[in-house]
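To start, the structure under review is shown below, and the notes come after it.
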Amino acid sequence: MDTISVSFASAAYDILIGDQLEKQVQNFLKSQDYSKVVGLIDENLLSKYCVKLDEMLGDSDRIVLEPGEANKTIKQLEHVLVKMATLEMDRRSCLIAIGGGVTGDMGGLAASLYMRGIDLIQIPTTLLSQVDSSVGGKTAVNLNGVKNLIGTFYQPKVVFIDIDFLGTLTKKEVYSGLGEIIKYGFIMSPSFIDYLFENFGLLEELNHGAIKKVISESIQFKATIVNQDEKESGLRKILNFGHTIGHGIELLGSHALSHGECVALGMVYESGIALNRGMITKEYFSSIVDLCKKAVDFYQFSDDEIYQIIELMKHDKKNEGDRINMILPDSKGSVTLIENVSINEIKNSLRSSI
C-alpha cells in the first residue's frame with residue numbers, strides 16, 4: 001500500500017492506494033470513535049461488491065444513491081440530507097462516499113452542508129474518480145443544465161483508493177479514466193506523456209503495476225497544484241484543460257460519451273485553437289491527437305451540434321461576463337489560461353477534420 005500525504009490550506013490528510021483495503025478502512029473508523037458512520041453507496045456497487053462493502057462498513061447504516069449524471073441534482077441532494085437527518089447523524093458522525101464521481105461529489109456536498117460540516121471519507125471506485133474528483137475537495141451538483149453550478153470546497157478526512165474496485169469496470173469506464181490521466185501529462189509532465197505512449201496497452205488492460213503507478217502520479221500532480229491554489233483562484237484552473245469544450249460536448253449528449261472521453265476530445269479541439277494561434281508546433285499537436293485517440297473515437301460535429309456546444313460552453317465557470325476563457329497548451333507538458341477566446345476560433349477548431 002502506498003500513502004500520499006497532502007496538505008492544503010484548509011486540511012491535511014492521507015490518500016491510501018492499494019488492494020483489499022477493507023481492514024485499513026475498519027481500523028481508521030475504530031481510531032476515530034465516531035458516534036455514527038453512514039455509507040453513501042452507488043447503487044451499482046451493491047450487487048458487485050456486497051461482501052467487500054460489508055467488510056468495509058460492518059453494520060453501519062447505508063444510503064443508496066441512484067447513479068449517473070442525471071441524478072446529480074438538488075433533489076437528490078435533499079434526499080441524502082433528509083436520510084442523514086432521519087438516521088440522527090450528529091456533528092461527531094462520519095459520511096463515507098463509496099462510488100464514482102457523482103457519489104463523491106454528492107457525498108462531499110452533503111457532508112459539507114449537514115450541521116455545517118461533518119467528517120467525510122472518500123472511497124472512489126472508478127478510475128476517473130480515483131485520479132480526479134476524490135482528491136482536492138471540490139463538491140457539486142448540477143443545476144438548470146449547467147454542470148457543477150452549485151457546490152463547495154470541502155476536504156475529506158482520508159481517501160482510500162482500492163484498486164480492486166476497478167476489476168468490474170467496462171472498457172468505456174476505463175477509457176474515461178485514462179482521458180483524465182492523459183491530461184496530467186499535457187499540463188505538467190513531458191515524461192508522463194512519454195510513459196503513457198509507451199504503456200497505454202498495459203493501462204487499457206488495467207495492468208496492476210502500470211495502473212497503480214499512473215494513479216499515484218496523477219494524484220501527486222493534482223495535489224501539487226491544489227496545494228498552491230486550493231480554491232481555484234489561479235493556478236488550479238489549469239486542471240480544466242480540455243474541460244471547457246469537453247463539458248459542452250458532454251452536455252450535448254448526442255454521442256453517448258463518458259466524461260473522460262469528452263475531456264480527451266476537448267483537449268484536442270482546444271489544442272487546435274492553440275495550434276492556430278501559433279502557441280504549439282504541428283508536431284506537438286499531432287502527438288496530442290495521437291494520444292487522445294487512444295482514449296476516444298473522434299466525431300465530425302454538425303453545424304447545429306457546434307452551435308449547441310458553444311452555447312453550453314458559455315456557462316463554464318472560468319468565463320467572466322461574455323468572455324470565453326480557456327486553458328490552452330503552450331509547449332510540451334505546459335498549459336496557460338487564455339482569456340477571451342473568440343467564438344470563431346472555437347467554431348473553426350470544432351469544424352476541423354482531425
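The values are calculated or read from the model by the stated rules, or taken from the named source; none is laboratory data. Since the structure is predicted, the reported quantities are computational estimates derived from the model, not experimental observations. Counting neighbours? That spans all protein chains shown, and the Cβs are built from the backbone with ideal geometry, glycine included.
Going through (1) at pLDDT below 95; (2) assigned to a helix (DSSP H, G or I); (3) β-branched (V, I, T) one by one, I288 falls short only on (1). One residue stands out in the range 12-40 among those that are under 25 Å from the mean Cα position of the chain (by Cα) and among the charged types (D, E, K, R): the one that is surrounded by the fewest Cβ atoms within 10 Å (Cβ to Cβ), namely D19. Would you confirm, using the coordinates I've provided, whether E270 is of a type outside the set (S, T, N, Q), surrounded by fewer than 17 Cβ atoms within 10 Å (Cβ to Cβ) and either on the phi > 0 side of the Ramachandran plot or assigned to a helix (DSSP H, G or I) (or both)? It is false that E270 is of a type outside the set (S, T, N, Q), surrounded by fewer than 17 Cβ atoms within 10 Å (Cβ to Cβ) and either on the phi > 0 side of the Ramachandran plot or assigned to a helix (DSSP H, G or I) (or both).
The single residue among G137, G117, G177, G107 that is over 18 Å from E261 (Cβ atoms), modelled with pLDDT of 95 or more and buried (at least 18 other Cβ atoms within 10 Å of the Cβ) turns out to be G107. Of the listed requirements (1) at pLDDT below 95; (2) over 13 Å from the mean Cα position of the chain (by Cα), G100 misses just one: (2). The C-beta contact set for the range 46-75 (first residue in the same structural domain as D19 (by TED's automatic domain parsing) and under 17 Å from E22 (Cα atoms), second residue modelled with pLDDT under 95 and part of a helix (DSSP H, G or I), distance under 6 angstrom, 6+ apart or interchain) comprises K48/T168. Going by the structure shown, is I327 touching a Lys or Arg at 6+ places or on another chain (Cβ under 8 Å) and surrounded by 14 or more Cβ atoms within 10 Å (Cβ to Cβ)? So I327 passes the test. Restricting the search to the range 1-19, which residues are among the hydroxyl-bearing types (S, T, Y) and not in a strand (DSSP E or B)? If the condition is that a residue be among the hydroxyl-bearing types (S, T, Y) and not in a strand (DSSP E or B), then S10 is the only one that fits.
Only residues that are of a type outside the set (F, W, Y) and part of a helix (DSSP H, G or I) were counted across the range 77-115, and they come to 24. Take I280 and tell me if it is modelled with pLDDT of 95 or more, in a helix (DSSP H, G or I) and in contact with a Pro (Cβ under 8 Å, 6 or more places away or on another chain). For I280, the condition - modelled with pLDDT of 95 or more, in a helix (DSSP H, G or I) and in contact with a Pro (Cβ under 8 Å, 6 or more places away or on another chain) - is not met.
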